[in-house]
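Just so it is clear, none of the values below were taken in a lab; they were calculated from the coordinates. Not measured: the values here are computed from a predicted model. Positions of Cβ are backbone-derived with ideal geometry, glycine not excepted, and every protein chain shown enters the neighbour counts.
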Amino acid sequence: MENGIDKSRIPKHVAVIMDGNGRWAKQKGKSRIFGHRNGVKAVRDTIETAAEMGVKFVTLYAFSTENWSRPKDEVSGLMELLVFTINKEIKTLMENEIALQAIGDLKSLPKVCYRELMKAIEKTSKNKRMTLVLALSYSSKWEIMNAVKSLAKEIENKKINPDDITEEIFEQHLCTSSIPDPELLIRTSGEHRISNFLLWQIAYSELYFTEKLWPDFRKEDFKLAIADYQKRERRFGKTSEQLSNVMQ
Ligand code: IPE
Ligand code: IPE
Ligand code: MG
């Protein structure tokens with residue numbers, strides 16, 4: 001036990017809906033993009049703390065499919081920030097042995113973003129300490145529809161029988177096929193919704209909501225979320241008694 005955190009029960013995968021940049025900026029009378037820029041520090045703090053604790057995967061919801069309908073200036077500002085941040089942080093990712101991955105409709109990103117993202121993924125691919133997954137132009141319904149289409153094609157080509165489709169096979173067609181399901185999902189900014197994020201994968205995740213706006217989210221806040229997670233009893237449909245009695 002250290003700071004109320006049990007080191008033997010650290011979640012393997014933590015997913016985060018980073019929300020509240022716009023409201024944070026508004027409170028300060030600044031533009032929304034100012035809020036996004038100030039969210040980078042929270043990203044850094046989250047990744048550092050997770051790596052120090054021994055978390056193996058962190059998935060950050062950075063841009064949803066629905067976010068394409070925001071004002072043009074905000075979208076282009078976010079894309080620029082993405083390229084700038086990836087370039088700036090790649091050294092830190094290498095030093096800390098963190099591999100970068102991305103999920104979403106990556107082909108819909110501006111060419112320069114896509115190129116820089118692929119370069120960083122390639123460069124960090126051998127890093128083993130932790131994997132950082134960026135959800136970009138991502139939405140869960142989009143991902144599930146893609147999986148359905150790809151399975152339908154396999155049926156058409158007689159590669160698989162409909163009756164042979166299992167949960168495991170379906171999961172192989174999701175963007176997250178190589179990533180375990182998150183044990184913990186954090187959302188900042190006081191909103192209590194999922195906003196089309198990892199719907200399949202969070203079937204049994206613990207959900208943690210905090211009022212903190214994303215640019216204010218610090219190491220301590222991440223630790224609070226982990227400590228809260230460790231207080232929960234994950235029953236997976238069983239009874240509490242079954243869990244405490246290993247003989248049952
Ligand atoms: C989250 O902050 C960042 C993205 C969705 C890209 P928001 O921009 O949604 O901030 P609020 O919710 O308007 O405060
Ligand atoms: C969810 O935040 C998407 C990201 C954090 C990238 P939004 O701010 O877009 O979600 P809604 O619209 O409030 O549900
Ligand atoms: Mg928001």
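Straight-line reach from Lys149: which aspartates and glutamates fall under 15 Å, measuring Cα to Cα and dropping same-chain residues less than 8 apart?
Asp105, Glu171
What FRET efficiency, computed as 1/(1 + (r/R0)^6) with R0 = 35 Å and r the Cβ-Cβ distance, is obtained for Glu2 and Leu207, rounded to the nearest 0.05? Provide the component values of the computation, followed by the final result.
Details: r = 25 Å, r/R0 = 0.70.
Efficiency at R0 = 35 Å is approximately 0.90.
Give, as a single signed number, the net charge of other residues whose beta carbon lies under 12 Å from the beta carbon of Thr131, with Lys and Arg counted +1 and Asp and Glu -1. Please list the in-between numbers first.
Numbers: positive: Lys12, Lys56, Lys126, Lys128, Arg129; negative: Glu97.
Net local charge, Thr131 excluded: +4.
Counting Lys +1, Arg +1, Asp -1, Glu -1, what net charge surrounds Ile144 among other residues with beta carbon under 14 Å of its beta carbon? Don't skip to the end; give the middle numbers.
Details: positive: Lys141, Lys149; negative: Asp105, Glu143, Glu167, Glu171.
My count for the surroundings of Ile144 gives -2.
Net charge within 15 Å of Thr176 by Cβ-Cβ distance, Lys/Arg positive one each and Asp/Glu negative one each, not counting Thr176 itself? Could the numbers behind the result be given before it?
Details: positive: Lys12, Lys56, Lys141; negative: Asp105, Glu143, Glu167, Glu168, Glu171, Asp181, Glu183.
Charge balance near Thr176 sits at -4.
Could you name the lysines whose alpha carbon sits less than 19 Å from that of Lys72, not counting residues in the same chain fewer than 8 places away?
Filter leaves Lys26, Lys30, Lys107, Lys111.
Under a no-solvent Debye model with one identical scatterer per Cα of the chain, what's log10 I(q)/I(0) at q = 0.07, 0.08, 0.17 Å⁻¹?
Computed log10 I(q)/I(0) values: -0.26, -0.34, -1.40.
Just how far, in whole angstrom, is region 1-54 from region 188-222 if you go by their alpha carbon centroids?
Between the Cα centre of region 188-222 and that of region 1-54, the gap is 10 Å.
Between Lys158 and Lys28, what FRET efficiency follows from the Cβ-Cβ distance if R0 is 45 Å, with the result rounded to 0.05?
On the way: r = 60 Å, r/R0 = 1.33.
About 0.15, to the nearest 0.05.
What value, in deg cm²/dmol to 500, does the helix sum -39500 (n - 2.57) over DSSP H runs of n ≥ 4 give at 222 nm once divided by the residues of the chain? Each step should come with its number before you reach the end.
Values: 9 runs with 107 residues, N = 248.
One gets -13500 deg cm²/dmol as the mean residue ellipticity at 222 nm.
Would you mind getting me the FRET efficiency between Val75 and Lys12? Use the beta-carbon distance for r and R0 = 35 Å, nearest 0.05.
Details: r = 33 Å, r/R0 = 0.94.
Efficiency computed from Cβ-Cβ geometry: 0.60.
Relative contact order for the chain: what is it in percent, counting Cα pairs under 8 Å that are at least 6 residues apart?
Numbers: 362 pairs, mean separation 68.7, N = 248.
Relative contact order of the chain: 28 percent.
With labels modelled as points extended 7 Å from the Cα through the Cβ direction, what inter-label distance (nm, one decimal) is found for Lys126 paired with Lys111?
3.1
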